[in-house]
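Each remark here refers to the structure printed beneath this line.
Bear in mind these aren't lab numbers, they're just calculated from the coordinates by the rules spelled out. Model, not experiment: these values are computed from the prediction. Cβ coordinates were reconstructed from backbone atoms using ideal geometry, including for glycine residues, and neighbour counts include every protein chain displayed.
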């Protein structure tokens, strides 16, 4: 994961070494977007409702502007799909595109909690290849490039040195295991799935922090058997995969990205730290 270069990246073909060299500037971009979010005063900011009932704030929009401008600079050839700019993305998704949630966990942010993230993924042929998850209030960024491993970095006046991370083996039979569950979006199907595997310890978390905890080996499984959006999942998908885990749909198959599902909805998924446990 070295410094940026001007290596060409085409929306129809991909040079893996060129993508690897994009990791550093994209990480900086996510850090800058996180700083913009943190600069917003939550106690007096404007909160609007979108057509799906979810909230959007000036922090979402500030983060999105920074990411949009940065991607035009670093990778202008690659289309970008953002939660906040769906109207600009017309037609079928190309072979290669960025998938962005500029502020995942807006409800957590509005409530004054720290578990909100900036999610940036690069998707190739329906599968996330690169994922960066920044949690500015926690002072952390997690990133992963499939086939090249995953890392965690501290955020301060400057980015800290990257520390390799990896998922952990699933605990042996009879030992407790940890399931990440949503703090704000619980559902009965997910609870039933966890209850069917005895010994679970639930850890309530917000946003894509749940994926990050799986990737760094602090959590064993993150199941969500209710619908969510592709931009909520893609960066975490790449991160967990790069760290040694796997993401499946509830039936054990692949989770695909790029509009194959109506309205960019993922019906359900399970993030497994240990692929053998799936």
Practice task
Assuming R0 = 22 Å, can you tell me the calculated FRET efficiency for the pair residue 86 and residue 42, based on Cβ-Cβ distance, to the nearest 0.05?
Solution key: 0.30
Exercise for the section: Could you tell me what fraction of 2.2 N^0.38 Å the Cα radius of gyration of segment 16-165 comes to, as a two-decimal ratio? Expected result: 1.02
Fill in the blank from the handout: Kirkwood Rh for the chain from C-alpha pairs, in Å, is 18.6 Å
Exercise for the section: Kindly identify segment 108-167 as rounded, prolate or oblate by the Cα gyration tensor criterion: order the square roots of the eigenvalues as a ≥ b ≥ c, call it rounded if a/c is under 1.5, otherwise compare a/b with b/c, prolate if a/b is larger, else oblate. Expected result: oblate
Fill in the blank from the handout: Heads up, segment 130-266 by the C-alpha gyration tensor (a ≥ b ≥ c square roots of eigenvalues; a/c under 1.5 rounded, else a/b over b/c prolate, else oblate) looks oblate
Exercise for the section: Work out how far the C-alpha atoms of segment 160-218 reach from end to end along every principal axis, then list the three figures in whole Å, largest first. Expected result: 40, 30, 12
Practice task
Could you calculate the FRET efficiency of residue 228 with residue 277 from 1/(1 + (r/R0)^6), where r is the beta carbon distance between them and R0 is 25 Å, rounded to 0.05?
Solution key: 0.70
Problem - By average C-beta atoms within 10 angstrom, highest first, the peptides 69-77, 107-115, 94-102 - result: 94-102, 107-115, 69-77
Problem - Over segment 16-165, relative contact order from alpha-carbon pairs under 8 Å, at least 6 apart, % - result: 18 percent
